[in-house]
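The values are calculated or read from the model by the stated rules, or taken from the named source; none is laboratory data. What you see is a predicted model, and the numbers here were worked out from it, not measured in a lab. Every residue, glycine as well, gets a Cβ built from its backbone with ideal geometry; the counts of neighbours run over all protein chains shown. The accessibility values were calculated without ligands, DNA or RNA, using every heavy atom of the protein model including side chains. Shrake-Rupley method; radii C 1.70, N 1.55, O 1.52, S 1.80 Å.
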Amino acid sequence: MNNKMNNMRDNQREAVGAAHSPQSHIKVGITHGDTNGVGYELIFQTFGNPTMFEMCTPIVYGSPQIANAHKKALGLQFNYQIIEDSARAVDGQLNLIDCVKKDVPVNLGQPDKAAGFAAYCALERATADLREGKIDVLVTAPIDKFTIQSDDFHFTGHTEYLQDRLQGEYEPLMILMNGQLRVALVTTHLPLSEVAPAITAERVELKLRLLQRSLRTDFLLPMPRIAVLSLNPHCGDKGTIGSEEANIIKPVIEKLVKEGKNVFGPYPADGFFGSELHRRFDAVLAMYHDQGLAPFKALAMEEGVNFTAGLSAVRTSPDHGVAYDIAGKGVASVASFRSAVYSAIDIYRNRKADAAAKADPLPLGLYEKRQENERARKVAKNDSTE
């Protein structure tokens, strides 16, 4: 199954090549995240590889003063171009927009409200540019959800903030992914005591439909297979330890199956990943945060990516936090952040290819036209007899 999904991803990249030529650089906006964490180290490491500039033009939303402090702490000789606006971004270089506009002390590894303020300033400016189409995609470095809190930022994370700022046609859906595994969530940053009341038939159905749409549009999977996890241990043991499976989750699955959707379950969550059942599916829908993310990070954290599906624009991030314990030590793994950049580019291209494929549908053939005419005659006949 791993090889199958990897080959599928390679084929998708080839298929969308014509829709977005290699010479056309995608503008990737990058927020610096919490400025006492590993954000700048990840950015410098990623774009220290010159081949990255062949596929995108990176624009960091941050602060030259803070960036220089990180360079000094890490002992790096790394150049970047300071620009005032994303329109002035230079291909082949790391571009940086000063969003903070004041000196912020850099105390690596230490939670600090000043660092949270700097993270908010970058996120606000980058999101505005994304909303206005000045950048193509957004990759967010990790934030500290406590230090960033203020009168302006009162959200439980990036997902909820972006839902507010990028209101689109659909509700956002958190998907954790790598090359072999995709895990989506019915509830995200919600206290455990509030999870069960939030598991409603309407919400489970909405998330399943959002997931299926994302798999088709963002990953170009025409008939995706989705597994749904239970809420209670052992699927509730026939109601002995919970009835949500029988009363809420299973009826939703049956409804979608009748519509021709490839949705399966519910499966007991405790043994699902350990038995490698996830390898049989294109995605898994978990009921709550740790139910999905704990096994995902155990299996795929090294190169895992957090993708916010359902937004009007593409946003990804690494699947880890600010990593205060190793900030400034030069030992942070760049794999997840680099995968977030790759994934943002892939999904952006997939959306372009999907939109192009749907823009000019083929005219109906003779058989289809005949079938359509017959249906119209039947409707007209029924209307005349009523």
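Overview of values
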item: Residue pairs meeting the criteria (Cβ under 9 Å; at least 6 apart or on separate chains; first over 30 Å from Gln149 (Cα atoms) and at pLDDT 95 or above, in segment 13-37; second open to solvent by less than 10 Å² (accessible area, probe 1.4 Å) and part of a loop (DSSP other than H, G, I, E, B)); result: Ile26/Ile135
item: Long-range neighbours under 6 Å by Cβ, at least six apart or interchain, first residue surrounded by 10 or more Cβ atoms within 10 Å (Cβ to Cβ) within segment 353-365, second at pLDDT 85 or above and β-branched (Val, Ile, Thr); result: Asp354/Thr217
item: Single match in Glu259, Glu205 (criterion: more than 24 Å from the chain's Cα centre (by Cα) and under 30 Å from Ala356 (Cα atoms)); result: Glu259
item: Qualifying residue in segment 281-296 (condition: open to solvent by 10 Å² or more (accessible area, probe 1.4 Å), farther than 26 Å from Ser193 by Cα and either at pLDDT below 95 or among the basic types (Lys, Arg) (or both)); result: no
item: Among residues of segment 107-140, those that are of a type in the set (Val, Ile, Thr) and open to solvent by 40 Å² or more (accessible area, probe 1.4 Å), counted; result: 0
item: Verdict on Asp319 being among the charged types (D, E, K, R), modelled with pLDDT under 95 and open to solvent by less than 50 Å² (accessible area, probe 1.4 Å); result: yes
item: Residue check for Phe296: within 30 Å of Thr140 (Cβ to Cβ), in the same structural domain as Ile175 (by the TED database) and in contact with a strand residue (DSSP E or B) (Cβ under 9 Å, 6 or more places away or on another chain); result: yes
item: Within segment 170-199, considering residues that are polar (S, T, N, Q) and open to solvent by 50 Å² or more (accessible area, probe 1.4 Å), the one modelled with the highest pLDDT; result: Ser193
item: Qualifying positions in segment 323-333 - touching a residue at least 60 places away in the same chain (Cβ under 8 Å) and open to solvent by 20 Å² or more (accessible area, probe 1.4 Å); result: Ala323, Tyr324, Asp325, Ile326, Gly328, Gly330
item: Residue identified as surrounded by 24 or more Cβ atoms within 10 Å (Cβ to Cβ), out of contact with any strand residue (DSSP E or B) (no Cβ under 9 Å at 6 or more places or on another chain) and farther than 22 Å from Leu229 by Cβ among Ile148, Ile143; result: Ile148
item: Output for segment 87-104, where each listed residue is free of Cβ contacts under 8 Å to residues at least 60 places away in the same chain, closer than 16 Å to Ser63 by Cβ and open to solvent by less than 70 Å² (accessible area, probe 1.4 Å); result: Leu94, Asn95, Leu96, Ile97, Asp98, Cys99, Val100
item: Check on Gln167, out of contact with any Pro (no Cβ under 8 Å at 6 or more places or on another chain), under 28 Å from Asp354 (Cα atoms) and modelled with pLDDT under 90; result: yes
item: Unique residue being open to solvent by 20 Å² or more (accessible area, probe 1.4 Å), outside the structural domain of Lys72 (by the TED database) and in a helix (DSSP H, G or I) when the list is Asp346, Asp270; result: Asp270
item: Condition broken by Ile143, with the remaining ones in (1) of a type in the set (A, V, I, L, M, F, W, C); (2) outside any loop (DSSP other than H, G, I, E, B); (3) within 16 Å of the chain's Cα centre (by Cα) satisfied; result: (2)
item: Residue tally, condition farther than 18 Å from Gly133 by Cα, open to solvent by 50 Å² or more (accessible area, probe 1.4 Å) and assigned to a loop (DSSP other than H, G, I, E, B), over segment 75-86; result: 4
item: Cβ pairs under 8 Å, 6+ apart, first in segment 243-265 and assigned by the TED database to the domain that holds His278 and outside any strand (DSSP E or B), second hydroxyl-bearing (Ser, Thr, Tyr) and open to solvent by less than 40 Å² (accessible area, probe 1.4 Å); result: Glu244/Ser230; Glu245/Ser230; Ile249/Ser230
item: Odd one out for Lys72 among (1) exposed (fewer than 15 other Cβ atoms within 10 Å of the Cβ); (2) in contact (Cβ under 8 Å) with a residue 12 or more places away in the chain; result: (2)
item: Gln163 vs. criteria open to solvent by 50 Å² or more (accessible area, probe 1.4 Å) and not assigned by the TED database to the domain that holds His289; result: yes
item: Tabulated pairs, segment 40-54, first polar (S, T, N, Q), second outside any loop (DSSP other than H, G, I, E, B), C-beta under 6 angstrom, 6+ apart or interchain; result: Thr46/Phe337; Thr46/Arg338
